[in-house]
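Take a look at the structure set out below.
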Amino acid sequence: MSGQLKEIATELAEVLWREHTVYRDRAGGVVIRGEHVQRWISLAPSAGRDEVLLRAGRILEGGTTAPARSEAVAGLSAGTGELAAVCRRLLAETAAGPTAAGPAPRRSRSSKRRPRPARRGRHTSPASWLVVVGVVAVLGLYMARATGRI
């Protein structure tokens, strides 16, 4: 199955992208990387004998791959054209995701936060001093008991 998967992935890569890299992954599947479009597709054996699990995701800056954004199961008997159609659909879903490139939404003037007023006076509140005094008292009692004075 793995040899057949590599052949299918190579044919599929030729149909999808002019520039691509095909390689095996650790799990025994095959990955097609399109660096120029910042996307990847993986083909892995599925539970069915004549089925393949297709996953698509993005390539992040630096060349690392993001987790799969979409996946589908397709039959190998359908042919390269049918697999390419499924892959194009998955790639379109990947591109249409929430982090697709585009201008960031602008904030309206009313949604801006007002700056907090500057703090005046003490830096440490009385409650903080009370906690510090309590910790010192507990340590003092422990030390006095350890030395045998109490």
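The values are calculated or read from the model by the stated rules, or taken from the named source; none is laboratory data. Since the model is a prediction, treat every value here as computed from it, not as a measurement. In this analysis, Cβ positions are derived from the backbone assuming ideal geometry, glycine residues included, and neighbour counts consider all displayed protein chains. Keep in mind that these areas ignore ligands, DNA and RNA; they rest on the heavy atoms of the full protein, side chains included. Shrake-Rupley method; radii C 1.70, N 1.55, O 1.52, S 1.80 Å.
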Report task. Could you list, in sequence order, all residues of segment 1-15 that are open to solvent by 30 Å² or more (accessible area, probe 1.4 Å) and either closer than 14 Å to residue 79 by Cα or outside any loop (DSSP other than H, G, I, E, B) (or both)? Result -> 2, 3, 4, 6, 7, 10, 11, 14, 15
Report summary line: Counted residues in segment 42-77 being of a type outside the set (Ser, Thr, Tyr) and within 13 Å of residue 6 (Cα to Cα) come to 5
**Report entry** For residue 146: the one exception among (1) modelled with pLDDT under 85; (2) surrounded by fewer than 10 Cβ atoms within 10 Å (Cβ to Cβ)
**Finding:** (1)
Query raised in the report: Looking at 33, 49, which one is modelled with pLDDT under 90 and open to solvent by 70 Å² or more (accessible area, probe 1.4 Å)?
Result: 49
**Report entry** Verdict on residue 43 being in a strand (DSSP E or B) and either at pLDDT 85 or above or touching a Gly at 6+ places or on another chain (Cβ under 6 Å) (or both)
**Finding:** yes
Report task. State whether the residues of segment 99-115 include one that is modelled with pLDDT under 65 and within 30 Å of residue 76 (Cβ to Cβ). Result -> no
Query - segment 38-56: number of residues that are among the hydrophobic types (A, V, I, L, M, F, W, C) and touching a residue at least 40 places away in the same chain (Cβ under 8 Å) - result: 2
